[in-house]
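Worksheet: one structure, shown below.
The values are calculated or read from the model by the stated rules, or taken from the named source; none is laboratory data. Values in this document were obtained by computation on a predicted structure and should not be read as measured data. When we count neighbours, we look across all protein chains shown, and the Cβ atoms used for this are built from the backbone with ideal geometry, even at glycine.
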Amino acid sequence: MRFLNTLFFICLALCLHAQQVSIIPEPVSLKVNKGIFAISKSTPLVVTDKGDELSAAFLNDYLETIYGFRLAITSKASLKGITLVTRKFVKAPDADSYELKSTATGVKIEGDTYAGTFHGIQTLIQLLPTVKQATLAIPAVEIKDAPRFAYRGMMLDVSRHFFPVPMVKKFIDYLALHKLNRFHWHLTDDQGWRIEIKKYPRLTEVGGFRNGTITGKHPGTGNTNERYGGFYTQEQIKEVVKYASDRFVTVVPEIEMPGHGSAAIAAYPELSCFPEVPTIRYFPAKGTWGGDSTGKQVMQAWGVLDDVFCAGKENTFTFLQDVLTEVIPLFPSQLIHVGGDECPKKNWEKCPNCQKRMKENNLKDEHELQSYFVQRMEKFINSHGRTLIGWDEILEGGLAPNAVVMSWRGEKGGIEAAKLKHKVVMTPTTYFYFDYKQVEKEDSLTIGGNLPLEKVYSYEPYPAELTADEAKLITGVQANLWTEYITKPEKIEYMVFPRMEALSEIAWSAKDKKNWAKFESKLPKQYQRYDLWGANYHKYYYDLKVKGTAK
Ligand code: ACM
Ligand code: ZN
């Protein structure tokens, strides 16, 4: 028996030798020692601090889903197990560092915060074999690790296409597995309002559904002529927020204003400058409309719409404040996103109410009216103890005093905001729009733009134009997944993988740890993990690697 055991461990060691330690995002320091530790269902999971139970639960759920067993949790110290410790040496907010040490006898993960310990669990998961086994051999390693940026996010648009709770949870799991910690939930847009607001039931009854969707590329080659939509109840929102919080992910909700609000206008036409003008008049002339086209309707094509919230009528502000009064308590996030992007000023120029508002407040143009709008909303959000975040258009006409800027039209807005001493999240289209295709010739419809993996990886969030102090205001990065051409969960996975790997190294890894050749060498293992998860992914880059023709 002893002989067989020895043979077993020699075999494990040999198998492991062939396996490269492959952690994404790359840790601050990693030393591989001799020896292995074998995890099996009899390995104790030692947890003495209640705060670490979330990390233990995540590990156990992962082990059960992927390998078919759970570990018994104990508070009794055991050198032969996996021990979780959170030291609570909180160095700075969000400095979620950890250390992981595995030897032939056991594993110890020590986080500086509970989130740090949780990130250590993600690293442990990446030490596990990428084939299903009853005994999981991991190498002896010493890892010290900490994040580069506090804000490490991804956005999912659930308006253009709706994704039910299980997919949203899966998306949050993917973030957690990549040490990302912000889920920006784009809940409202012209094509659908997706969050229940009890005071305004028509928002979801009417605004949550459209009578058709264009087919093909905007403005479309036809129409599905099918009613399409969905929304999350407040109970479901709470469930998702808790699910995320259990994974140390903060959900940042986005309620779009003053543009991209026409699904709300379909429900409550008086929010428009011109309630009597039917939506079809804003629909592209070459598009095909499905179903009823009278009055205000939920939009069936993509793009930017001139029918925006009226900035002149007081009832617009009452409505939006009522909405936020219900939204804010659902989301513990410090940041509340109000959109602010792509708001055409055509209707405001013609609207007597908007013009009256401008005159009364000495606003010299419609950009200043937008600034007035955002500043009013900021006061309201600040009065609830929260901070407003918006797309970089909120700089136009004057930035609200405490606002955080999400820079998407390149880095220009982010640079300007940092120079004005505002915090910034960088999410430039040219590096972080994951709705863009990954190769020149995609096998399904995408919005356009070409954003291969190498290009994503090459991004450096600190612009050269900023001083060291200004650069400190870049709180992090985010990639965005707009879903005009993403109709199914599998396509979400296809668009984000493997680009989420690159995002995670930009967001987490120290600048001097980023290395394309090393990153590339870690990808095959990551593809095996996708297979293990049953996740879809973009294989083109991998195929080129196998053929030896990848650039
Ligand atoms: C955006 O892509 N309109 C923020
Ligand atoms: Zn108006």
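Go through (1) within 16 Å of ligand 1 (Cβ to nearest atom); (2) surrounded by fewer than 17 Cβ atoms within 10 Å (Cβ to Cβ); (3) of a type outside the set (D, E, K, R) and name the single condition GLY291 misses.
Only one criterion is unmet by GLY291, namely (1).
Give the residue that is farthest from ligand 2 (Cβ to nearest atom), with candidates limited to residues of the stretch 425-440 that are among the aliphatic types (A, V, I, L, M) and buried (at least 21 other Cβ atoms within 10 Å of the Cβ). Walk me through it before giving the result.
Taking the stretch 425-440 as the starting set, the residues that turn out to be among the aliphatic types (A, V, I, L, M) are 425-426, 439.
Filter once more, keeping what is buried (at least 21 other Cβ atoms within 10 Å of the Cβ): 425-426.
Numbers: VAL425: 30, MET426: 33 Å.
Here the residue is MET426.
Out of ASP512, ASP531, report the one residue that is free of Cβ contacts under 8 Å to residues at least 12 places away in the same chain and out of contact with any helix residue (DSSP H, G or I) (no Cβ under 7 Å at 6 or more places or on another chain). Working first, answer last.
On the way: ASP531 fails: free of Cβ contacts under 8 Å to residues at least 12 places away in the same chain.
Among ASP512, ASP531, only ASP512 is free of Cβ contacts under 8 Å to residues at least 12 places away in the same chain and out of contact with any helix residue (DSSP H, G or I) (no Cβ under 7 Å at 6 or more places or on another chain).
Every residue in the stretch 261-310 that is over 30 Å from the mean Cα position of the chain (by Cα) and of a type in the set (Asp, Glu), please.
Listed by number, the residues that qualify are GLU270, GLU276, ASP292.
Output the residues belonging to the stretch 376-386 that are in contact (Cβ under 8 Å) with a residue 24 or more places away in the chain, farther than 21 Å from ASN361 by Cα and either surrounded by fewer than 16 Cβ atoms within 10 Å (Cβ to Cβ) or of a type in the set (Asp, Glu) (or both).
Correct list: HIS384 only.
Answer with yes or no whether GLU270 is within 14 Å of ligand 2 (Cβ to nearest atom), among the acidic types (Asp, Glu) and out of contact with any helix residue (DSSP H, G or I) (no Cβ under 7 Å at 6 or more places or on another chain). Break it down into steps so the answer makes sense when it comes.
On the way: within 14 Å of ligand 2 (Cβ to nearest atom): yes; among the acidic types (Asp, Glu): yes; out of contact with any helix residue (DSSP H, G or I) (no Cβ under 7 Å at 6 or more places or on another chain): no.
For GLU270, the condition - within 14 Å of ligand 2 (Cβ to nearest atom), among the acidic types (Asp, Glu) and out of contact with any helix residue (DSSP H, G or I) (no Cβ under 7 Å at 6 or more places or on another chain) - is not met.
Can you tell me which residue in the stretch 362-375 is farthest from ligand 1 (Cβ to nearest atom), limited to those that are touching a helix residue (DSSP H, G or I) at 6+ places or on another chain (Cβ under 6 Å) and more than 10 Å from GLY312 (Cβ to Cβ)?
We begin by selecting, within the stretch 362-375, every residue touching a helix residue (DSSP H, G or I) at 6+ places or on another chain (Cβ under 6 Å); these are 363, 366, 369, 374.
This time we only want the ones that are more than 10 Å from GLY312 (Cβ to Cβ), so: 363, 366, 374.
On the way: LEU363: 24, GLU366: 18, VAL374: 15 Å.
Among residues in the stretch 362-375 that are touching a helix residue (DSSP H, G or I) at 6+ places or on another chain (Cβ under 6 Å) and more than 10 Å from GLY312 (Cβ to Cβ), the one farthest from ligand 1 (Cβ to nearest atom) is LEU363.
It is to be established whether one or more residues within the stretch 37-46 are surrounded by 20 or more Cβ atoms within 10 Å (Cβ to Cβ) and closer than 26 Å to LYS170 by Cβ. Even if it seems obvious, please write down each step before you answer.
Going through the stretch 37-46, the residues surrounded by 20 or more Cβ atoms within 10 Å (Cβ to Cβ) turn out to be 37, 39, 43, 45-46.
Restricting the remaining residues to those that are closer than 26 Å to LYS170 by Cβ gives 39, 45.
Yes, the stretch 37-46 contains a residue that is surrounded by 20 or more Cβ atoms within 10 Å (Cβ to Cβ) and closer than 26 Å to LYS170 by Cβ.
Identify the single condition in (1) at pLDDT below 95; (2) touching a helix residue (DSSP H, G or I) at 6+ places or on another chain (Cβ under 6 Å) that ILE197 does not satisfy, given that it satisfies every other one.
Only one criterion in (1) at pLDDT below 95; (2) touching a helix residue (DSSP H, G or I) at 6+ places or on another chain (Cβ under 6 Å) is unmet by ILE197, namely (1).
Is there a residue being of a type in the set (Gly, Ala, Ser), out of contact with any His (no Cβ under 6 Å at 6 or more places or on another chain) and surrounded by 13 or more Cβ atoms within 10 Å (Cβ to Cβ) anywhere in the stretch 66-73? Spell out the reasoning first.
Going residue by residue through the stretch 66-73, those that are of a type in the set (Gly, Ala, Ser) are 68, 72.
With the extra rule that they be out of contact with any His (no Cβ under 6 Å at 6 or more places or on another chain), the set shrinks to 68, 72.
Adding the requirement that they be surrounded by 13 or more Cβ atoms within 10 Å (Cβ to Cβ) leaves none.
No, the stretch 66-73 has no match at all.
Would you confirm whether or not the stretch 411-421 contains a residue that is within 16 Å of ligand 2 (Cβ to nearest atom), assigned to a helix (DSSP H, G or I) and in contact with a helix residue (DSSP H, G or I) (Cβ under 6 Å, 6 or more places away or on another chain)? Let's see the steps before the verdict.
Residues of the stretch 411-421 that are within 16 Å of ligand 2 (Cβ to nearest atom), as a first pass: none.
No, every residue in the stretch 411-421 fails to be within 16 Å of ligand 2 (Cβ to nearest atom), assigned to a helix (DSSP H, G or I) and in contact with a helix residue (DSSP H, G or I) (Cβ under 6 Å, 6 or more places away or on another chain).
Can you tell me which residue among ALA417, ALA400 is aliphatic (A, V, I, L, M), surrounded by 21 or more Cβ atoms within 10 Å (Cβ to Cβ) and within 16 Å of ligand 1 (Cβ to nearest atom)?
ALA417
With the structure loaded, tell me whether LEU180 is among the hydrophobic types (A, V, I, L, M, F, W, C), surrounded by 19 or more Cβ atoms within 10 Å (Cβ to Cβ) and over 28 Å from the mean Cα position of the chain (by Cα) or whether it fails that test.
Working: among the hydrophobic types (A, V, I, L, M, F, W, C): yes; surrounded by 19 or more Cβ atoms within 10 Å (Cβ to Cβ): yes; over 28 Å from the mean Cα position of the chain (by Cα): no.
Answer is no for this residue.
Looking at LYS41, LYS80, LYS91, which one is at pLDDT 95 or above and basic (Lys, Arg)?
Numbers: LYS80 fails: at pLDDT 95 or above; LYS91 fails: at pLDDT 95 or above.
The unique qualifying residue is LYS41.
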